[in-house]
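Some notes on the structure that comes next.
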């Protein structure tokens, strides 16, 4: 079964978790699973910690691959060609830093917005209570 076909049934974080699980347990699919997980993380999420972790696992898996010398040379030139054409899935430290800054800015903005909404909700709640109180004080309790 093809790895890409297998993980196509998953999406989001579940897909990445499944790929990392496969990479941790299958030596034959390790490099491909980590490469696909890193590609998915880079394209779809802002989880920089997981990106760096998967990139380290991919780097270690590529180093530990028990390939014959000829295959290692071909693999090296293939990786070099992919990197030259912008297709090699490696985590760039500048990309990670900019992503962390963007995420931090969005988080701060959303926290401020949430705080404002809470304050406005409290003010509205107080206003409604005062209105109900005024109605209760002015309306007769019993109709005679």
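Since every read-out is calculated from the coordinates, none of them should be taken as a lab result. Treat the numbers as computed from the prediction; the structure is a model and nothing was measured. Cβ atoms come from the backbone with ideal geometry, glycine included; neighbour counts cover every protein chain shown.
Key figures for this structure:
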| quantity | calculated |
| --- | --- |
| Fewest-first sequence of 6, 34, 117 by Cβ atoms within 10 Å of each Cβ | 117, 6, 34 |
| Largest to smallest principal axis extent of the C-alpha atoms in region 92-144, angstrom | 80, 12, 5 |
| Spacing of the two label points (7 Å from each Cα toward its C-beta) at residue 60 and residue 109, in nm | 3.7 |
